[in-house]
Amino acid sequence: MNLPRFFSRTAWAMLAASCVSGAAMAQQPEFPARSVKLVVANGPGSAPDLLARQVGNLVGRDWKQAIVVENKGAAGGVSAVDAVVKAQPDGYTLLVGGDSAITIMPNVQRNLPYDVKNDLVPVTKLGQSDFVLVANPRKGFKTLQDFVAYAKTHPGKINYASSGTGGAQHLAMEQFKQRAGFFATHIPYRGGPQGLQDVLAGQVDVMLIAIAPALTQIQSGKLTALAVSGLQRHALLPQVQTLAESYKGFEAGAWFGLFAPKGTPAAVVQAIAQDTDKALRDPELRKSLLQQGITPVGEGQQVFAKQIRTEDVRVAQLVRSIGLSVE
């Protein structure tokens, strides 16, 4: 006789719990409910900055929310990563960073205030950029073979510029030196433009640099393009051979991705990845980025995370082989 009363009380308890749960869910607005900040681990005008702003415009339009870009390029992107790691893991503060901040800096600098592998969640790969090996025409190098032959027969006479010690350009050139078997003195600068200016002035022999900043000078004959660093010839420089044509399998360049703080809800990370990848498929955006020497990617979380693990192993081996450390 007491069974109906028991079930009635149970039903009421379940209904009350359901109402409380529903109310709690109702209090959590659908993402995104406000503006999202992209912290870029590079300065204004850099490839990651261009990606953040152009992709952010499209994603923000879909979300009907503002995407705010904040540049923190100091100290190899350490300040940018640190800011995002310490942010609330709610999807409203994200990192746009590349190989320099994610795989290179952790392998060359001790006592970082964070652990990239554990404190960040890869969201998606935004894009990648090939390098071009350029020389001042007055140096007399017409081809890659000319340059390598001279470097081998004149040890200690060749120098090269980079955007800074431990950066992607520096490691790519060291990788090329090892593969081709020559010595060249490294001259680091505080950014690629400064190094490129000294190559143009003839004060430095060669430089591996992103294609876009050097393209106008190459086209005008102020720089000689000796090779590009991707596996395929680049659409902006189709007449220029790849390093892989002479050194099988050689590939170098820079990549850029989107990251969230550890603890960001998986559903939020997935939503950000899907909407970002959708933006990267936009024909007009792709055309614009390709003209700037950036190849848009957008391949999702799992593929990107696997690539980072592979890249981290490669960079660690290269750093050890050249004895590089940045204190």
Among (1) of a type outside the set (Ser, Thr, Tyr); (2) assigned to a loop (DSSP other than H, G, I, E, B); (3) surrounded by 22 or more Cβ atoms within 10 Å (Cβ to Cβ), Val134 falls short only on (2)
Considering only helices (runs of 4 or more DSSP H) wholly within the range 204-310, the ones with at least 1 residues that are in contact (Cβ under 8 Å) with a residue 60 or more places away in the chain and closer than 26 Å to Ile187 by Cβ are 211-219, 243-246
Within the range 3-36, residues being out of contact with any helix residue (DSSP H, G or I) (no Cβ under 9 Å at 6 or more places or on another chain) and either modelled with pLDDT of 95 or more or in the same structural domain as Ala75 (by TED's automatic domain parsing) (or both) number 2
Restricting attention to the range 159-181, the residues that are assigned to a loop (DSSP other than H, G, I, E, B) and either among the aliphatic types (A, V, I, L, M) or touching a Phe, Trp or Tyr at 6+ places or on another chain (Cβ under 9 Å) (or both) number exactly 2
With the first residue restricted to the range 88-103 and required to be within 22 Å of Gly60 (Cα to Cα) and at pLDDT 95 or above, and the second required to be acidic (Asp, Glu) and surrounded by fewer than 24 Cβ atoms within 10 Å (Cβ to Cβ), Cβ contacts under 9 Å at 6 or more apart or on different chains are Val96/Asp49
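The values are calculated or read from the model by the stated rules, or taken from the named source; none is laboratory data. On a predicted model such as this, the values are computed, not experimentally measured, just so you know. So basically every Cβ, Gly included, is an ideal-geometry build from the backbone, and we count neighbours across all protein chains shown.
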